[in-house]
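A short worksheet on the structure shown next.
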Amino acid sequence: MTHKVHLLFDERMIDHDPGPMHPERPMRLQAIVERLRGHRITGTQWSRPHPATREQIARIHDEAYIDHIDAQRGKSAHLDPDTATSPDSVNAAYLAAGAAVDAVTKVMKCAGDRAFALVRPPGHHAERDRAMGFCIFNNTAIAAAHAVQELGCRRVLIVDWDVHHPNGTQQAFYDRDDVFMFSSHRYPFYPGTGALDEIGTGAGEGLTVNVPLGPGQGDDVHWALLEGLLRPIAEQFQPELVLVSAGYDSHREDLLGGMRVTDDGFAAFSGLVSDVANRYAQGRLVMVLEGGYDLAALGRGVCSGVEVMAGATPPICDAPTGHGAELVKEIFAHHRRHWPRVGK
Ligand SMILES: [Zn+2]
């Protein structure tokens, strides 16, 4: 089966420049766009996003924080030790959040369509009242809130496979029962959160699933966790939309992440979330770009993700053995308290 894949992109997101030698550099989006344009994947449709509205952003961020960001228009400033703006950064941040929102609007309008929001700055570290870790507005969280509060979506599943824990996304939905967040990430590592026992509170208890991993993990462990943990949870949660915070910094060629995921691994993960979306969410799947700092690996990762979303057959990963198998078993046992079908 083939699917239309909307590619949300605007050149003005390339104009965000956090400074020389910064890993989150303009070339990241250029590498992705060049690769996608060179491949001409059947079913893809490019469109320009609207900038997000203040109302859409205010579902996730404080009004005072939005005012603070608005005040940086046209300026170069440091928002946190890792996050800097250039004169065009605020426009880019509004477009990045708007691209994620537009992507969700498109797939909610037409079941079976998929979308990839090709954005910078990334979003998943941005908290309610602060920029953090290269992120200004939390694009994925804003898109999830738009799906729930504007489009009437009752349950959203967020999968974050970036090597870093999505502290901002976790914070946004920690006590809510309408947005489920699954994250696999290196731990302990930046930003410091994402322990196994961070599972949500109140109505949201059990609806945050963290999978902390030591360095050097590859396709097998990541795949086993998606297959054995995410899939049964999705079956029980019955999402109406699947949103992926798609980071590619756990690729083995990415020097920042220290993990060993391959090109085939990312293609397989895309296949798994596509299948989950098909089974439970009428095919509604949106990916939003997060990290990924090796330009070639990033371009290949996004491109294969788009190919798989459009209908290409994904590879399948081998099951882990030895230490990897033991680690997966321990993580399953922990989460089985809230999700009895895990690992069965
Ligand atoms: Zn990252």
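The values are calculated or read from the model by the stated rules, or taken from the named source; none is laboratory data. Keep in mind it's a predicted model, so treat the numbers as computed, not measured. Note that we place each Cβ from the backbone using ideal geometry, even for glycine, and neighbour counts take in every protein chain shown. The protein model used for the area step is the full one, side chains on, heavy atoms only, and it has no ligands, DNA or RNA in it. Shrake-Rupley method; radii C 1.70, N 1.55, O 1.52, S 1.80 Å.
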Angle between the chain longest axis and helix 295-310 axis [Cα atoms, degrees, rounded to 10]: 70 degrees
Additional length obtainable on full extension of the chain from Asp197 to Arg279, 0.36 nm per residue less Cα span: 26.6 nm
Per residue, in Å², the accessible surface of the stretch 53-100 once ligands and nucleic acids are set aside, probe 1.4 Å: 41 Å²
Sulfur and carbon atoms: percent of accessible area, the chain [1.4 Å]: 50 percent
With Cα atoms, 0 to 90° folded angle of helix 263-280 axis to the chain main axis: 80 degrees
Reachable lysines, given that their alpha-carbon falls under 29 Å from the alpha-carbon of Lys344 and they are not under 8 places away in the same chain: Lys329
Angle between the chain longest axis and helix 89-109 axis [Cα atoms, degrees, rounded to 10]: 50 degrees
Alpha carbon centroid spacing (whole Å) that separates the stretch 283-332 from the stretch 39-107: 25 Å
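Can you tell me how the stretch 5-335 classifies by the Cα gyration tensor, rounded, prolate or oblate, using a/c under 1.5 as the rounded cut? Could you put the intermediate results ahead of the total?
Numbers: a/c = 1.29, a/b = 1.24, b/c = 1.03.
Rounded, since a/c falls under 1.5.
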Spatially proximal lysines relative to Lys4 (Cα-Cα < 18 Å; intrachain offsets below 8 disregarded): Lys106, Lys109
Highest average packing first - 13-19, 264-270, Cβ atoms within 10 Å: 264-270, 13-19
Normalised per residue, the volume of the convex hull around the Cα set of the stretch 95-237 (Å³): 119 Å³
